[in-house]
Amino acid sequence: MAKKKKAVAKKASKKSVKAAKKAPKKAAKKAAKKSVKKATKKAAPKKAAKKVAPKKAAKKVAPKKAAKPVPAKKAAAPKAKRKPNAAFMAALTPSTQLAAVVGSTPAPRTEMIKKIWEYIRKNGLQDANNKRMINADEKLKVVFGRDQVSMFDLAKIIGNHVSKA
């Protein structure tokens, strides 16, 4: 069976060669395409419910330049420990109102927020129904300026009560 397929492919290629000699260039291209299609259809094994897209004629392509040799990769260096951002670690002095809650010693903004959260949890000032809200007591009311504040506004409010050391 394979011999028959080869013979059919040879006949198709011979026909395309003869047509190419006689006909002009356009006709030769069409005949070559037809013979290639016929040869690929007959040579390819039949599969259920799969269609093969016809191949396009090869275009002339400029020769590719030789690829540059890639240097061998070096072994990965062990990762250094991540350094904290200096801006977050800068010591800030709290205002007198904030100092009543946090303490009067200069500390980074992150530490002040932690100390406020400790004070909130210690005194049970987080709203029972909506945990995102913080109920202010006498000390925090002076800092916040109102009875209830969202936890997302906490850093902004603290920013108004600190200054650079």
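Details
- Among ARG121, ARG146, the sequence by solvent-accessible area, most first, with a 1.4 Å probe is ARG121, ARG146.
- Cut-off 19 Å (backbone N to label point 7 Å along Cα→Cβ of LYS122), residues of segment 135-154: 135-144
- Residues GLU111, GLU138, GLU118 ordered from highest to lowest accessible area at a 1.4 Å probe: GLU138, GLU118, GLU111.
The values are calculated or read from the model by the stated rules, or taken from the named source; none is laboratory data. These numbers come from a predicted model, not from an experiment. Here the Cβ is made from the backbone with ideal geometry for all residues, glycine too, and neighbour counts use every protein chain on show. The area values use the complete protein model at the heavy-atom level, side chains included, leaving out ligands, DNA and RNA. Shrake-Rupley method; radii C 1.70, N 1.55, O 1.52, S 1.80 Å.
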